[in-house]
1. Which numbered condition trips up Arg236, out of (1) open to solvent by 40 Å² or more (accessible area, probe 1.4 Å); (2) free of Cβ contacts under 8 Å to residues at least 40 places away in the same chain?
2. Tally up the residues in segment 304-336 that are outside any strand (DSSP E or B), out of contact with any Pro (no Cβ under 6 Å at 6 or more places or on another chain) and surrounded by fewer than 20 Cβ atoms within 10 Å (Cβ to Cβ), please.
3. When the residues of segment 61-72 are filtered to those that are open to solvent by 10 Å² or more (accessible area, probe 1.4 Å) and not polar (S, T, N, Q), which remaining residue is farthest from the chain's Cα centre (by Cα)?
4. Take the residues in segment 215-274 that are assigned to a strand (DSSP E or B) and among the acidic types (Asp, Glu); name whichever of them is farthest from Leu201 (Cα to Cα).
5. Look at segment 79-100 and say how many of its residues are assigned to a loop (DSSP other than H, G, I, E, B) and surrounded by fewer than 22 Cβ atoms within 10 Å (Cβ to Cβ).
6. For Tyr216, state whether it is within 16 Å of the chain's Cα centre (by Cα) and surrounded by fewer than 21 Cβ atoms within 10 Å (Cβ to Cβ).
7. Could you tell me which residue of segment 355-405 is nearest to Thr334 (Cα to Cα), considering only residues that are in a loop (DSSP other than H, G, I, E, B), free of Cβ contacts under 8 Å to residues at least 60 places away in the same chain and hydrophobic (A, V, I, L, M, F, W, C)?
8. Please find, among Arg269, Arg265, the residue that is open to solvent by 40 Å² or more (accessible area, probe 1.4 Å), modelled with pLDDT of 95 or more and either under 18 Å from the mean Cα position of the chain (by Cα) or under 13 Å from Ile381 (Cα atoms) (or both).
Amino acid sequence: MPKLPSSYLRAARVVAALAVAATLAVPASLVAAPAASASLATSAAPPPPPGIPAPGVAAAAHLLVDVTSGQTLTSAHADERRDPASLTKLMTAYIVFEALRAKTIVPSQMVNVSQRAWKAEGSRMFIEPRRAVSVDELVKGMIVQSGNDASIALAELVAGSEEAFVAKMNAEAARLGMTETHYTNATGLSDPQHYTTAADLARIAIAVIRDFPEYYPVYSQKEFRYNNITQPNRNRLLWTDPYVDGMKTGHTEAAGWCLIATAKRGDRRVLAVILGAASDAARTAEAQKILNWGFQAFDTVQLYASGKQVTTIKVWKGALAEVPAGFLVDRYLTLPKGKNDKLAVTMQADEPLMAPVARGQRVGTVKIALEGTPMAEFPLIALDEVPLASFLGRAWDTVRLWFKR
């Protein structure tokens, strides 16, 4: 029989341990806890493994998140408001991608360039008022060349004006939970009321990757030629790290040198946010450093699969005595390497759980701890519905509950 890789064996031990935990009796009490976020998890960051501390990062703020699990692995000043510079264009792209998917604009559509777009300050793709340009070219000019002119042209196309487009950006930021973000333009030019945080930038970056996989590959494009001018992507890691496939650079005098970089190795994706580095070379080196650390110091394992029964929970006054419980999304956890078999799992149920029970209803909580340290809490979900029992069935359960007290 061929020898399995050690990573497979570690994952198998975790799954086995969780399967055993799922068969244990579910405690009667339930401690309420917020559900984990789908974009940036609320679960605690795992402690660094012994001997591999988080590296120091020479930047005003930074954050490293495992996109697969949503866990933050290391950060500093991640909730401090900062000037985002051209990292703003992640939200600009998100709104444009929404319009493309809704087919209110199409890639082949030709766009007339306004004077405002043509005269945009800062980085440009060099569009011209007398020469129409396609939406596809503008998207690449915005992402690959970081063109402010392209960003304004797209904003005017989607919303009629840059001001109306900015209103859409702020509404989307609120929807995505970017509570410390406010936009005043679509380009990233400095303004006292134009700000965000490393944590919020991670949220929008993850949202682009998650929600628009059909457009995300543009972020890996190394160069783009328009108007007889070829400009390289300013993300140097696209040339030096074969696992890096995006995402965005930014620089202004106020913001310093900024970079969001993401790499995928196997099924696991890690994303780094670097804000306010001292130079182009510094932001590249610092992002590479923490990306490597994230992959080398941690493993990410799948705890539970979507739709798979984990346990059953007693239902009172229902047509069925029990309801199957599990998760409606895959659940992952990032752990220090070598600690996968040290997990402890506790399941707590809502009791008494009364019918009717709807599919998707929260019926309990799964708590994960590593060597006594809480790591994550996930809501346990009903995988089926349980209607009310007959009158006699409900009456009988009422008597049983009275004696149970």
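1. (2)
2. Within segment 304-336, the first condition is being outside any strand (DSSP E or B), and the residues that meet it are 305-308, 315, 317, 319-321, 327-330.
Next, from what is left, pick out any that are out of contact with any Pro (no Cβ under 6 Å at 6 or more places or on another chain): 305-308, 315, 317, 320-321, 327-330.
Retained after the next criterion (residues that are surrounded by fewer than 20 Cβ atoms within 10 Å (Cβ to Cβ)): 305-308, 320-321, 328-330.
Adding up the residues that qualify gives 9.
3. To start, the set of residues in segment 61-72 that are open to solvent by 10 Å² or more (accessible area, probe 1.4 Å) comprises 62, 67-69, 72.
Next cut, not polar (S, T, N, Q) only: 62, 67.
On the way: His62: 16, Val67: 5 Å.
Only one residue tops the list, namely His62.
4. The first filter runs over segment 215-274 and keeps only residues assigned to a strand (DSSP E or B), leaving 223-226, 229-232, 244-252, 256-265, 268-274.
Going one step further and asking which of them are among the acidic types (Asp, Glu), we end up with 223, 245.
On the way: Glu223: 24, Asp245: 17 Å.
That would be Glu223.
5. If we filter segment 79-100 for residues that are assigned to a loop (DSSP other than H, G, I, E, B), which is where we start, we get 79-81, 83-84.
Filter once more, keeping what is surrounded by fewer than 22 Cβ atoms within 10 Å (Cβ to Cβ): 79-81.
Of the residues in segment 79-100, 3 are assigned to a loop (DSSP other than H, G, I, E, B) and surrounded by fewer than 22 Cβ atoms within 10 Å (Cβ to Cβ).
6. Numbers: within 16 Å of the chain's Cα centre (by Cα): yes; surrounded by fewer than 21 Cβ atoms within 10 Å (Cβ to Cβ): yes.
Yes: the conditions hold for Tyr216.
7. Top of the filtered list is Ala358.
8. Details: Arg269 fails: open to solvent by 40 Å² or more (accessible area, probe 1.4 Å).
On inspection, the qualifying residue turns out to be Arg265.
The values are calculated or read from the model by the stated rules, or taken from the named source; none is laboratory data. Please read all numbers here as calculations on a predicted model, not as lab measurements. For neighbour counting, all protein chains shown are included, and Cβ atoms are generated from backbone atoms with ideal geometry for every residue, glycine included. Only protein heavy atoms, including side chains, enter the accessible area calculation; ligands, DNA and RNA are left aside. Shrake-Rupley method; radii C 1.70, N 1.55, O 1.52, S 1.80 Å.
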